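The values are calculated or read from the model by the stated rules, or taken from the named source; none is laboratory data. In this text, all values refer to a predicted model and were calculated from it rather than measured experimentally. Cβ coordinates were reconstructed from backbone atoms using ideal geometry, including for glycine residues, and neighbour counts include every protein chain displayed.
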Amino acid sequence: MKNLLGLFLIGMFVLWGCKPDDKQPTPSGTTNTSNARMVFKFKFDSTQVRLNNIGQPSALPSGHSAQSPVFNGMSAHYIELSPEPYTPLGQGAVLYHAPETTLGGSTAINFDSARISANMAEFFSLPIKSVPAGTYKYLRISLSYQNYQILLKYQANLITGTIASFVGFNTYIHNHKIKDSTLTVNANRAQGYWAFETPWLVTSGQAPPGATTVPNPIFATSPIPQGSCVVTAAFNPPLVITGNETQDVKVIASLSTNKSFEWKDANMDGYYEPLAGDTVVDMGLRGLVPIIE
């Protein structure tokens, strides 16, 4: 078991973690008395295009294998609507900002208050009259937590493992449940903290800094700072908010899980097999497509 744990730790990387601007949504200035809301949902799509960190289609390198994890839940630190590709990060309409705390010392996301959403379940909603009126070309989401299942090969058997990955800039964790097991932390954990559970092993660790893949197709005009967690994608067509809407607007953040758990495959058998020398190089998500429903 120690050999398996050691091999699992090598190359264990995660995606996305950052601290956003504290800007909050402001009233649009309309007199709309409608109860219409803007609703955000996550969708996990294993068939969606697999992108690299500048938003271009990405194939697997030679000597690598990958699988599409089964996602159980996702959380975000903030949600932002951006009117232009050159709008500085945090200067769009930031509609959601997760609770933070200093219980662990420095400012951190408060995991006890985190909203965790399953596939196509509502993550967050707010009155449309609270959204600044305008035309928005891009959606930016700062992801903070992800929980998913992978398959691994152990002594010729395929078993399921569950990964809890904390990808925010800094997270205060009292305790957290992986699958069936609960770990107590009572401290801040920087971007890259993870925990892993199989039927015979529960372990946790910290990925090294700088191991991020952040799909951002407008990097040239609106770069994401080093260590950022913000995944970006264009609305097609742009999202127009007048402030006078009378029906709900549902925004589905379709996230690519297409071969997002990637490893160097020592024997190129296509199975993640730590005891055979396989080492993880990337895991998480591979792109964002915002859909208006």
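Values computed for the structure shown
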{"quantity": "Cβ pairs under 9 Å, 6+ apart, first in segment 129-141 and farther than 10 Å from P290 by Cβ and at pLDDT 95 or above, second surrounded by fewer than 17 Cβ atoms within 10 Å (Cβ to Cβ) and among the hydrophobic types (A, V, I, L, M, F, W, C)", "calculated": "A133/V240; G134/V240; T135/V240"}
{"quantity": "When residues of segment 259-278 are limited to those that are within 14 Å of I150 (Cα to Cα) and part of a strand (DSSP E or B), the one nearest to the chain's Cα centre (by Cα)", "calculated": "F261"}
{"quantity": "Residue pairs meeting the criteria (Cβ under 8 Å; at least 6 apart or on separate chains; first among the charged types (D, E, K, R), in segment 93-121; second assigned to a loop (DSSP other than H, G, I, E, B))", "calculated": "E100/T107; R115/A98"}
{"quantity": "Lone qualifier among G63, G73, G104 - being under 19 Å from G192 (Cα atoms) and more than 16 Å from the chain's Cα centre (by Cα)", "calculated": "G104"}
{"quantity": "Among the residues listed as A66, A59, A76, the single one being surrounded by fewer than 17 Cβ atoms within 10 Å (Cβ to Cβ) and at pLDDT 60 or above", "calculated": "A59"}
{"quantity": "Candidates S65, S130, S113, filtered to the one that is in contact with a strand residue (DSSP E or B) (Cβ under 7 Å, 6 or more places away or on another chain) and among the polar types (S, T, N, Q)", "calculated": "S65"}
{"quantity": "Candidates S228, S256 - the one that is modelled with pLDDT of 90 or more, surrounded by 14 or more Cβ atoms within 10 Å (Cβ to Cβ) and not basic (K, R)", "calculated": "S256"}
{"quantity": "Scope segment 259-274; condition in contact with an Asp or Glu (Cβ under 6 Å, 6 or more places away or on another chain) and modelled with pLDDT under 90; matching residues", "calculated": "E262, W263"}
{"quantity": "Number of the condition not met by A118 [criteria: (1) within 25 Å of M268 (Cβ to Cβ); (2) surrounded by fewer than 18 Cβ atoms within 10 Å (Cβ to Cβ); (3) touching a Gly at 6+ places or on another chain (Cβ under 8 Å)]", "calculated": "(1)"}
{"quantity": "Close pairs from segment 175-203: first more than 22 Å from L143 (Cβ to Cβ), partner among the aromatic types (F, W, Y) and modelled with pLDDT under 95, Cβ under 9 Å, at least 6 apart", "calculated": "T198/Y154; W200/Y154; L201/F8; V202/F196; T203/F8; T203/F196"}
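Quick grid of which residues meet (1) over 17 Å from A253 (Cα atoms); (2) not aliphatic (A, V, I, L, M):
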| residue | (1), (2) |
| --- | --- |
| Q56 | yes, yes |
| A66 | yes, no |
| E80 | no, yes |
| Y145 | no, yes |
